[in-house]
Each structure stands twice: as C-alpha cells, then as structure tokens.
Amino acid sequence: MFYREAGDFKTSYAEDNQTFPIKFDRYRYYFVLLVAFGIVPFVVNDYWLNAVLLPFLIYAIAAIGLNLLVGYCGQVSLGTGGFMAVGAYSCYKLMTSFPDVSILIHVVLAGAITAAIGMLFGLPSLRIKGFYLAVATLAAQFFLVWLFNRVPWFYNYSASGQISAPERTVFGVPVTGAETSPWAVYLVCLVFLTISAIIARNLTRGMAGRKWMAIRDMDIAAEIIGVDPLRAKLSAFAVSSFFIGISGALFFAVYLGAVEVGESFGITKSFLVLFMVIIGGLGSIFGSFAGAAFLVLLPVLLKNLLVGSLGWPTDLAAHLELIIIGALIIVFLVAEPHGLAQLWRMAKEKLRLWPFPH
Amino acid sequence: MKTKLMTCLLSALLAGSPALAELTIPLLSFRTGPYAANGIPNADGYSDYFTLINERDGGIGGIKIDMPECETGYSTEKGVECYEATKEGAILYQPVSTGLNYQLIPKAGVDEIPIHSIGHGRTSVANGKVFEWIFNYPTNYWAGASIAVKYLLEENGGSLEGKKISLVYHNSSFGKEPITTMEKLAQKHGFDFSTLAVDHPGQEQKSQWLQIRREKPDYVLLWGWGVMNQVAIQEAANVRFPLENMIGVWWSGSESDVLPAGESSDGYKALAMHAPGSNFDVYKDLKTYVYDRGLAAGNGDQMGTVLYNRGLYSAMLAVEAVKKAQDIHGTSQVTGPMVRDGMEALEITEEKMVGLGFANFAPEIKVTCTNHGGQGLAAVRQWNAETKSWNMLTDFIAPDSDVVDPLIIEDSEAYAAEASIEPRCN
C-alpha cells in the first residue's frame with residue numbers, strides 16, 4: 001500500500017539511479033540515520049555502548065569488508081582476524097610514534113596499511129580458488145598472529161606483550177583511553193561505519209563491483225569479456241582489507257583499549273566475521289549489518305533473558321546460549337540459505353503487493 | 001505495533017538488571033570454556049565465603065553482600081561486557097584474569113572502583129605511587145619467578161651456574177609476565193634461560209615437550225592456566241621429564257591440573273600463596289552455615305581444593321578490606337573509594353587470621369600507600385599422587401627484592417609516563 005514505486009516519478013538519470021529508489025525505503029534510511037546520529041548519542045550509556053553498540057558498529061565494518069571479498073568477489077578468506085590485528089597494531093604503532101596526529105587519520109592509515117598487507121596475502125588468489133584459497137588465507141591468519149606475538153617491536157617491548165591505547169582526542173574530546181564519554185566514542189565509530197557503508201555500497205554499484213561480481217560468477221567468462229582478474233581480485237582484497245583494518249583499529253583503540261593478539265584476533269574472530277557475512281547474506285551490504293547485529297545482539301539478549309530475567313545459573317546459561325545460537329544458525333540457513341538479507345528482500349517484495357497480492 | 005512491542009521487549013532485555021543490594025561485589029567468573037576447570041573452584045569458594053558472611057554475621061557491619069555473577073568464559077571481550085553490566089554500585093572487583101585486568105586498570109580510576117588482582121594481573125601495580133586503584137597483594141608473578149629460582153638455588157647448594165631452566169608459558173600477558181624477571185635472574189645467577197610459548201587454549205603442546213626432551217633442561221617452570229596445565233603435566237610425564245624438577249606458578253597447581261595424569265603426576269611441584277586442604281576452622285562454619293543449608297555455590301564438590309581455597313582467601317581479603325573501610329569512614333554503607341582506602345590500610349596478621357578460622361593458612365600482609373603488592377611471599381608444595389594431596393615443602397619464602405623491586409619501579413614509571421600520572425604518597 002505505502003511501499004510501492006507507483007506514482008514515484010523520476011525525472012533525471014541520477015534520481016533513477018539512486019541507492020534507494022523507492023520513496024518509503026529512502027525515508028526509512030533517513031530516519032535510521034536521524035535516530036543513529038540525532039537521538040542515540042543523547043541516550044547512550046556505558047553499558048549499551050560497550051555491550052551492544054560498539055561491538056555492533058565495529059563488527060559491521062568488518063563484515064562489510066569481508067562481504068566485499070567473499071560475497072561480491074567470491075574469494076573465500078579466513079584471514080579476517082589476522083587483518084584486524086594488522087589494523088590494530090598499525091594503529092598502535094602510529095598512535096605511539098606520532099602522538100600529535102589525529103587518531104582519525106591513524107585509523108584510516110591503519111586501514112591503508114592493512115590494505116597493502118591484504119593485497120600481499122591476496123596474491124595466491126590469482127592461482128588458486130575455493131577451499132584452497134581459504135587455506136592460503138588461513139596461513140595469513142596464523143602467520144600474522146604469530147608475528148605480532150613474536151616481534152617485540154610491534155608491542156613496543158612491553159613486558160606483557162599487550163598493546164594499550166593511550167588517550168587521544170577528536171576536537172578536544174577524548175575517544176580512546178579511560179576518560180571517554182559514551183556519545184563521543186559512539187559517534188566516531190558510527191561515522192566510520194556510515195562512510196564505510198556508503199563507499200562500499202557505491203563501489204558495488206559501480207564498475208569495480210560489477211567486475212568483482214563477474215569474477216565471482218565465472219572468472220573465465222569475466223576474463224573473456226575484458227575483466228582483468230589480477231586487478232579485480234587484488235582490488236577486492238585491498239578494499240576488503242582496508243575496511244577490516246579500520247575495524248581492527250577501532251576494535252583495539254576505541255572499544256577494548258588494550259588487546260592481546262592471540263586472544264582478540266585469533267581464528268575465532270575470523271570465523272565470527274565470516275559467520276556474520278554468511279548469516280547476514282553474501283553479496284549484500286544490508287546483510288553485513290544484519291549478520292553483525294544477529295551475532296552481537298543475540299548472545300547479550302539471551303544472557304540477559306536467562307540470567308537477568310529468569311535467574312538461571314550463569315554457566316548453564318552460557319552453555320544454553322551456545323546451543324541456541326548454533327541451532328538458530330542452522331535453522332536460518334536451512335530456511336533461507338541466502339541469509340537475513342534475502343528474508344528482508346522477500347519481505348519487501350511481499351510488501352509491494354500488500355494488501356492486494358494479485 | 002509488532003515492531004514497537006519487539007523494540008520495547010528488546011530494550012528491556014538488553015538493559016540488564018542493575019543490582020539494588022547494599023554492598024555489591026560482582027563476581028566475574030568463568031565456569032565454561034577451556035579455563036572452566038580452574039574457574040569453577042575459584043568462583044565457588046569466592047561465593048561460599050560471602051554466603052557464609054551473610055548467613056553467619058548478617059553481612060559486613062550489618063549490611064548484606066550482594067554478588068551478581070557474570071560469566072566471561074575467560075574472554076576479555078565478554079569480561080568488559082560483564083564489567084559494564086555489573087559496575088553500577090559495585091565496590092570492588094577481583095577478576096581472576098590478567099587479560100581482563102589490563103582492560104580494567106584504566107577504567108578503575110574513572111569509575112572509582114578498586115580492582116584487586118590477587119597474585120595475578122599487571123605485576124607493577126604493586127607500586128601504589130602510580131596505581132592508585134589497583135592492588136595485587138599478597139604476591140605477584142615476578143616475586144613468584146624469583147621465589148622459584150631461590151628455591152632451586154637452595155636445592156643446588158647456592159649455585160645455578162650452568163644449569164638450564166625453561167619456562168613453558170601461556171602465550172598471553174599472563175604467561176609473558178615472568179620472562180623479564182627470569183632474564184634478569186639468569187644474568188645474576190648464571191643459568192641458561194629459554195622460553196617455550198603455548199598458544200591459547202593450550203591443548204596442543206607436543207612440539208614444546210619434544211623440544212624439552214631434546215634440550216633436556218634441568219628445570220621447567222610452568223606458567224599455565226586452564227586446560228593447558230593438565231596437558232603440560234601429562235606431556236611432561238610422556239617425555240619422561242622428572243616432575244620433581246618442574247615447578248608451576250600458583251595458578252598451575254590445583255587438583256584438577258594434576259589428577260588427569262594420575263600416578264605419573266607424582267612429585268610435581270607448585271608455588272603456593274596459601275595452604276591447600278580443608279583442615280581449617282573456617283570450614284566448620286562453612287559446613288554449618290553454608291553447605292548444610294544447601295547454599296553452596298555450583299555443584300558443591302570443590303571444597304578443600306587449592307583453587308577453592310584461593311576463592312575463600314580472595315573473599316576473605318575483600319571482606320577484611322571492607323571492614324577496614326567501614327572502620328576508617330565510620331559508616332557501614334561503604335563505596336568504591338572508601339573500600340580503596342580500606343585496602344590501602346589493610347593489615348592481615350596471624351592473630352586476625354586465627355580469629356577468622358584461617359590459622360596457618362597464609363603469610364601476613366601489610367598494605368601501604370606505596371606498596372600495593374604486599375610482601376610477595378610464597379611457598380613450594382609438592383603433589384603426592386598416592387594420597388592425592390599437596391605437601392608443603394618449604395616455609396613462605398621472600399622474593400629477591402634486589403631484582404624484583406627495581407623492575408616494578410621501572411615498569412610502573414614507564415606506565416606513569418605513558419599515561420601521564422603524577423606519583424602519589426609523598
């Protein structure tokens with residue numbers, strides 16, 4: 001009834017080509033932005049920030065990054081944790097070496113460094129694909145974690161091997177270190193996420209994204225129609241690693257403040273982000289958000305329900321949480337193999353016709 | 001409507017429920033995951049002691065203790081979430097996780113909640129001049145390393161010249177802590193020191209122990225936690241490393257670590273910051289007021305184990321600090337900053353411990369403004385696989401303060417410079 005394109009006339013090419021061509025969609029998007037930027041910063045507190053919002057925002061950036069690589073370009077990667085570690089450690093080295101430069105620039109530079117490392121580890125993708133590529137990127141994961149554990153220069157020779165973020169400010173407001181206010185931290189991550197999502201969305205709508213999708217769908221055919229696989233694959237690795245590096249830098253500097261590479265950026269992190277992408281929906285920016293939300297919110301939700309509301313023992317709740325989330329993942333994937341994004345797409349299709357389905 | 005309802009429900013659920021009781025001491029436990037075998041007894045002992053205080057004495061100074069428990073699975077990320085969920089009104093945290101400690105150190109001063117990392121965490125917090133809100137009495141990792149070496153010196157007639165000592169450690173901030181100290185000690189006493197890292201969670205140690213078999217070190221120190229301990233002791237037995245030449249830190253010497261290896265674990269040594277066993281008066285009260293009333297935490301099967309006693313000990317130190325704080329400030333309803341004052345003025349004498357039912361349980365402690373680390377004493381104990389019990393081999397030994405103290409000063413001053421902290425206690 002209200003969700004339809006009928007009557008919504010486009011008079012220019014740009015209008016016709018916009019991200020959200022349907023009016024309702026567009027307004028919903030503005031509304032979400034308004035709430036995220038205009039309302040949430042005023043009501044957010046420490047708990048909401050650290051338990052829900054920050055992990056969601058940061059994992060969403062990582063999921064967008066990985067989705068570009070796996071969902072759009074079809075290159076399976078298990079190196080996400082390692083690349084996040086590159087982002088975190090380069091951000092740390094930059095923060096401590098150039099204390100006067102803004103943290104925002106450091107985060108972007110950390111992304112750029114990760115992009116370079118990602119391209120390096122993306123080289124094998126020119127020769128191998130599928131499971132074999134997954135194993136090659138797995139090597140990146142283990143190598144990078146080993147490297148950051150092994151070479152003391154990366155953690156400035158601290159006795160514990162931990163890196164911890166010194167206090168840095170944006171426009172005079174601290175965003176790393178202990179004395180941060182929730183709204184500032186939230187806004188920094190939100191700005192990064194919003195910009196990442198807009199860039200990613202537009203990349204995938206443009207020539208770069210089409211090349212990636214051509215490679216994903218059939219690389220030989222793509223080569224025949226003139227897509228250079230070397231450039232397409234390496235650019236996918238670079239852009240993907242760029243976003244993952246940014247998320248790693250934020251994860252370390254803004255969210256946790258102190259990390260240990262083995263614990264924070266281990267193989268489980270790679271799987272977590274990959275699951276977000278798969279559950280959310282491969283090849284969909286919205287899917288990255290949905291997947292991150294699903295895997296960040298659900299454990300917190302279940303924990304508060306089982307322990308907080310029902311008063312069950314914490315260990316029982318923790319075990320049940322694993323079982324429930326595991327079962328839900330299976331149910332979701334059986335019911336809808338294309339992820340939450342596909343469910344959303346179908347809901348929209350139905351809404352278009354509602355309430356007159358004929 | 002439906003979405004609205006869902007949003008309401010979601011926000012109600014996600015917001016959690018802040019505790020409304022009067023003295024809130026949250027327990028960040030890990031009863032699941034690869035560290036559960038060690039996390040469960042510690043959490044049980046910790047809860048049971050507070051239950052005892054609530055049941056027997058009606059709380060501390062007449063105010064009951066509320067203990068919201070939050071499961072971290074020994075993950076720092078979940079630990080941070082737990083901290084944020086429970087910090088409202090909290091007066092003290094004792095997280096048994098070095099990784100989580102590093103997260104909480106900067107937050108403690110901002111939230112004004114003291115952190116007590118009993119025998120773990122960042123060693124240099126022992127310097128109270130720099131770390132106002134963090135305590136790690138009665139002892140720390142660097143003292144532990146020094147005590148182990150002192151014990152070995154004694155075993156070898158005062159000289160470790162030309163001996164080889166290997167450290168098998170958990171590849172995390174916890175395991176890496178003693179390395180610098182050991183390197184200094186190796187220089188001082190002329191022994192060869194080498195390190196072997198074991199990655200989280202520590203089930204895979206074949207290559208490390210093969211290397212030990214090849215290099216044949218005279219002694220092996222173990223800095224492990226959780227499932228890593230059991231595997232290390234089993235692997236040591238498999239490569240026929242004499243277990244009496246292996247010394248674990250106090251986190252690598254509980255019953256659950258040695259029992260899986262059965263007979264072959266006999267002779268394994270570990271450091272001790274307090275006595276094992278259930279031969280203390282406090283257990284009588286625990287039985288009357290807690291176990292017999294069916295209030296025991298967990299499955300109620302951990303009594304008398306080393307880590308259960310560690311839990312009791314942590315809780316006892318917390319209760320004494322709160323009592324001290326109540327004395328100083330003349331109010332029963334103490335807050336985080338008051339408890340911090342109490343901790344800083346804490347003095348645990350043998351007399352006091354006898355009164356509490358902890359006779360001969362642990363060495364005396366005196367905390368001051370500059371010294372947040374206590375006296376650093378620890379003893380060496382040995383596992384007897386036949387009787388399934390630990391025997392104390394030595395008295396409580398003092399660490400080599402010539403080596404440890406300068407390191408603490410150096411590390412804490414580096415932190416102070418990095419975080420621009422003005423030294424206090426002048």
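None of the figures in this text is laboratory data; all of them are computed from the coordinates on show. Note that this is a predicted model, so its numbers are computed, not measured. Every residue, glycine among them, receives a Cβ derived from its backbone with ideal geometry; neighbour counts consider all protein chains shown.
Relative contact order of segment B:192-334: 17 percent, from C-alpha pairs under 8 Å at least 6 residues apart in sequence. Amide H to amide H, with H built 1.01 Å from N, A:T169 comes under 5 Å of A:I103, A:V175, counting only residues 5 or more places away or on other chains. Between A:W354 and A:R205, the contour length at 0.36 nm per residue exceeds the Cα-Cα span by 50.8 nm. Extending 7 Å from the Cα toward the beta-carbon at both B:T394 and A:I128 defines two label points whose distance is 5.1 nm. Peptides A:25-34, B:89-98, A:265-274 ranked from most to least packed, by the mean per-residue count of other Cβ atoms within 10 Å: B:89-98, A:265-274, A:25-34.
Put simply, the Cα atoms of segment B:156-197 extend 33, 15, 13 Å along their principal axes, the longest span coming first.
Counting only other chain Cβ atoms within 10 Å of each residue's Cβ, the peptide B:78-91 averages 4. Per residue, the convex hull spanned by the alpha carbons of segment B:189-290 comes to 127 Å³.
Protection proxy ranking, highest mean first, for peptides B:168-178, A:136-146, B:323-333: B:168-178, A:136-146, B:323-333, where packing is the per-residue count of other beta-carbon atoms within 10 Å, averaged.
Exposure proxy shown here: for B:V227, B:V125, A:V151, the number of other Cβ atoms within 10 Å sets the order, fewest to most, as A:V151, B:V227, B:V125. Each stretch of four or more DSSP H residues adds -39500 (n - 2.57); spread over every residue of chain B, this sum gives -13500 deg cm²/dmol at 222 nm.
Per-residue shielding of B:171-177, expressed as the average number of other chain Cβ atoms within 10 Å of the residue Cβ, stands at 6. Positive contributions from Lys and Arg (+1) and negative ones from Asp and Glu (-1), summed over other residues with Cβ under 10 Å from the Cβ of A:A236, come out at +4. For chain B, modelled as a GNM whose springs connect Cα atoms under 10 angstrom apart, the maximal fluctuation among B:G373, B:G45, B:G33 occurs at B:G33. Size of segment A:102-173 from its Cα atoms: along the principal axes, largest to smallest, the extents are 48, 31, 15 Å. Working from Cα pairs under 8 Å separated by at least six residues, relative contact order for chain B is 21 percent.
Rg/Rh for chain B stands at 0.97; both radii use Cα atoms, and Rh follows the Kirkwood definition.
Kirkwood analysis of the Cα pair distances in the protein assembly as shown returns a hydrodynamic radius of 27.9 Å.
Label-to-label distance, A:F20 versus B:C369, with points set 7 angstrom from Cα along the beta-carbon direction: 5.9 nm.
In terms of surrounding Cβ atoms within a 10 Å radius of their Cβ, B:W250, B:W225 rank from fewest to most as B:W250, B:W225. Derived from the Cα gyration tensor, the three semi-axes of the equivalent ellipsoid of segment A:32-266 are 31, 22, 13 Å, largest first.
Scanning residues 5 or more positions from B:L167 or on other chains, those with amide H under 5 Å from its amide H are B:S194, B:T195, B:L196, B:L221, with H placed 1.01 Å from N in the peptide plane.
When each of A:C189, A:C73, B:C70 is scored by the number of other beta-carbon atoms lying within 10 Å, the sequence from fewest to most is B:C70, A:C189, A:C73. Across chain A, the mean sequence separation of Cα contacts (distance under 8 Å, 6 or more residues apart), normalised by length, yields a relative contact order of 29 percent.
Using the Karplus relation 6.51 cos²θ - 1.76 cosθ + 1.60 with θ = phi - 60°, the per-residue 3J(HN,Hα) values for segment B:59-69 come to x, 9, x, x, 10, 6, 9, 10, 10, x, 9 Hz, with x marking Gly and Pro.
Between segment B:357-426 and segment A:119-196, how far is it from one alpha carbon centroid to the other, in angstrom? Segment B:357-426 and segment A:119-196 have Cα centres separated by 35 Å. If R0 is taken as 45 Å, the Cβ-Cβ distance between B:S194 and A:S181 corresponds to a FRET efficiency of 0.45.
Over all other residues within a Cβ to Cβ distance under 13 Å of B:P260, the charged ones net out to -3, with Lys and Arg as +1 and Asp and Glu as -1. Largest mean-square fluctuation among A:Y59, A:Y92, A:Y132, in a Gaussian network model of chain A whose springs join Cα atoms under 10 Å apart, belongs to A:Y132. The alpha-carbon atoms of segment B:325-426, seen along their principal axes, cover 54, 39, 20 angstrom, with the largest extent given first.
Between B:D266 and B:I421, the modelled labels are 4.8 nm apart [label points 7 Å from Cα along Cα→Cβ]. What the Cβ-Cβ distance of B:D327 and B:A359 gives, at R0 = 22 Å and to the nearest 0.05, is a FRET efficiency of 0.45. Rounded to the nearest whole Hz, the Karplus-based 3J(HN,Hα) values (6.51 cos²θ - 1.76 cosθ + 1.60, θ = phi - 60°) of segment B:170-183 follow the sequence 5, 6, 8, 4, 4, x, 7, 3, x, 4, 4, 4, 5, 5, with x at glycine and proline.
For B:N127, the amide hydrogen comes within under 5 Å of the amide hydrogens of B:H372, counting only partners 5 or more places away or on other chains and with H modelled in the peptide plane.
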